[in-house]
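The values are calculated or read from the model by the stated rules, or taken from the named source; none is laboratory data. Worth saying up front: this structure is predicted, and the values here are computed from it rather than measured. Cβ coordinates were reconstructed from backbone atoms using ideal geometry, including for glycine residues, and neighbour counts include every protein chain displayed. SASA here: full protein model, heavy atoms, side chains in, ligands and nucleic acids out. Shrake-Rupley method; radii C 1.70, N 1.55, O 1.52, S 1.80 Å.
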Amino acid sequence: MQFLIYLVMFFLLLNGFATAQSLIQDSCKKAANLSRNFNYDFCVKSLEGNPQCKTAESLDGLVLPSTNMAVLKITSLKGIAEKIIKEKRYEKDSEKPFRDCLELYSDAQNSLKEALMIVKSHDYKSANVVISAAMGAPTSCETGFKEKKRYQKSPFTKDNDVLFQMILIPLAFTNMLK
C-alpha cells in the first residue's frame with residue numbers, strides 16, 4: 001500500500017515538472033513570435049535552469065523569477081563596473097564610458113527592483129513600463145564605448161547581450177499579461 005502511495009506521488013511530481021517545462025516552452029515561443037529580438041533558446045534554457053520557474057503554474061508565475069534573474073545579472077555587471085573604476089583598470093582617457101555604464105546599470109537596477117514590487121501586485125501594465133525603462137541600459141552602455149574619439153572595445157559586450165535578453169524575458173511576459 002505504501003508503495004502505491006509513493007508511486008502516485010512520483011507521477012504527480014513528474015507531471016508537475018512536465019507541466020512547468022511545457023509552460024516555459026510555450027511562453028517563450030509566444031514571446032519569440034511577438035519580438036524578433038527575443039531569443040527562444042536563451043529563454044527556455046535560462047528559465048528551465050531556475051527552480052522557481054520549474055514550479056510555475058501560469059505565465060504570471062514566470063514573471064517574478066525572470067525579473068529576479070535580470071536583477072541578479074545587472075547587479076553583477078554593476079559590481080564589475082565598480083571594480084574596474086575603483087582599480088582604474090582602463091586606459092587613461094577611458095573612464096567616462098565606464099562611469100556611464102555604472103550609472104546606466106544603477107538606474108536599470110532601480111527600475112527592475114521597482115518592477116519586482118509592482119509585479120507582486122499583479123499590475124503588469126505598470127510593470128511593463130518600468131521594465132521597459134531598464135531595456136536601454138545594455139545598448140546605451142555599448143554605445144558609450146563606440147562613440148569615443150578613439151575606439152575602445154567594451155569589456156561588457158557579451159554580458160550586455162545576455163542582460164538585454166534577460167530583461168526582454170519579463171518584458172515580453174508582462175506585455176502578454178497586460
The range 42-100: which trypsin sites (Lys or Arg not before Pro) are DSSP loop and have at most 12 other beta-carbon atoms within 10 angstrom? 88, 89, 92
Over the chain, calculate the relative contact order: mean separation of alpha carbon pairs under 8 Å at least 6 apart, over the residue count, as a percent. 26 percent
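Between residue 48 and residue 36, what length in nm is gained on full extension when 0.36 nm per residue of separation is reduced by their alpha carbon distance? Before the final figure, lay out each step's value.
Working: separation 12, 0.36 × 12 = 4.32 nm, distance 2.14 nm.
Computed gain between residue 48 and residue 36 is 2.2 nm.
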Listed residue (138, 127, 173) projecting farthest to the positive dipole end of the range 117-178, Cβ model: 138
Anisotropy class of the range 55-98 from Cα gyration tensor, a/c 1.5 cut: prolate
For the chain, cysteines whose Cβ has no other cysteine Cβ within reach (under 4.7 Å): 53
Check: the chain dipole with +1 on Lys, Arg Cβ and -1 on Asp, Glu Cβ, in debye: 520 debye
Computed from these coordinates, which is Cα extents along the principal axes in Å: (1) 46, 42, 31; (2) 40, 33, 32; (3) 74, 34, 28? (3)
So which GluC sites (Glu not before Pro) in the range 97-148 are both in a DSSP loop and have at most 16 other Cβ atoms within 10 Å of their Cβ? 147
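Roll a 1.4 angstrom probe over the protein heavy atoms and tell me the percent of accessible area of the chain that is carbon or sulfur. Please report the intermediate quantities before stating the final value.
Working: 5990 of 10540 Å².
That fraction is 57 percent.
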If R₀ is 45 angstrom, what is the calculated FRET efficiency for the pair residue 113 and residue 151, using the beta carbon separation as r and rounding to 0.05? 0.85
Accessible area of the chain divided out per residue, in Å², using a probe of 1.4 angstrom: 59 Å²
Using 17 Å as the cut-off for backbone N distance, which residues of the range 92-106 belong to the label zone defined by a point 7 Å from the Cα of residue 82 along Cα→Cβ? 98-106
